[in-house]
Amino acid sequence: MGRLYIINCGGLNRIYVCGHCHTYLSNSEELRSPDFRGSTGRAILMDRVWNVEYNEVETRTMTTGKHIVRDVLCITCHSKLGWMYEYAFEESQRYKEAKVILECALINEMPGIPDPLDQNKAVEMGEITYESPIYNNNDGKKAS
């Protein structure tokens, strides 16, 4: 089978990892919108994700219309994470094409690495606090 090659592009604010095996998926710089819904509840729209594989294309009728999509799976544990929009039949939904939906119940959000060269922010040792579109507070529990 060969050796598995995992990409980690880091992230200053937040990173997103597989909820099952914690494989790196993306960072907050790739977040397009936190206001989506998936089959398990809240979901986020991402411009790019890494360390995933895709299932075969299929046509699905969703709340926003008819789309051609592929399921997105973790490259390490093969857990389903969401889907990728291949084609939107409605013109108003075309902005989703080539974007990935990650379902919040299937991923974890973690603090990124603070930039030590950023002169505008004080770097503190200890707990990192940040605002999160997935979590309502900083206690690490997902919003419902």
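Please count how many residues of segment 2-50 are in a loop (DSSP other than H, G, I, E, B) and under 14 Å from ILE107 (Cα atoms).
9
Hey, can you tell me all the residues within segment 62-99 that are charged (D, E, K, R) and more than 14 Å from PHE36 (Cβ to Cβ)?
Those that are charged (D, E, K, R) and more than 14 Å from PHE36 (Cβ to Cβ): LYS66, ARG70, ASP71, LYS80, GLU86, GLU90, GLU91, ARG94, GLU97.
Would segment 74-88 turn up any residue that is of a type in the set (Gly, Ala, Ser), more than 18 Å from THR23 (Cα to Cα) and out of contact with any strand residue (DSSP E or B) (no Cβ under 6 Å at 6 or more places or on another chain)?
no
Please tell me if ILE101 is within 22 Å of LEU12 (Cα to Cα), of a type in the set (A, V, I, L, M) and at pLDDT below 60.
For ILE101, the condition - within 22 Å of LEU12 (Cα to Cα), of a type in the set (A, V, I, L, M) and at pLDDT below 60 - is not met.
Only residues that are of a type in the set (Asp, Glu) and touching a Gly at 6+ places or on another chain (Cβ under 9 Å): list them for segment 19-47, please.
GLU29, GLU30
Any idea how many residues of segment 51-82 are in a strand (DSSP E or B), without any contact (Cβ under 8 Å) to a residue 40 or more places away in the chain and out of contact with any Cys (no Cβ under 9 Å at 6 or more places or on another chain)?
Number satisfying all stated conditions: 15.
Could you look through segment 80-110, keep only residues that are touching a Gly at 6+ places or on another chain (Cβ under 7 Å) and of a type in the set (D, E, K, R), and pick out the one that is surrounded by the most Cβ atoms within 10 Å (Cβ to Cβ)?
Per the criteria, the residue is GLU103.
Among the numbered conditions (1) farther than 22 Å from TYR5 by Cβ; (2) within 15 Å of the chain's Cα centre (by Cα); (3) of a type in the set (A, V, I, L, M, F, W, C), tell me where VAL100 comes up short.
Looking at each condition in turn, VAL100 falls short on (1).
The values are calculated or read from the model by the stated rules, or taken from the named source; none is laboratory data. Computed from a predicted model, the values in this text were never measured in an experiment. Methodologically, a virtual Cβ is constructed for each residue, glycine included, from the backbone with ideal geometry; neighbour enumeration extends over all protein chains shown.
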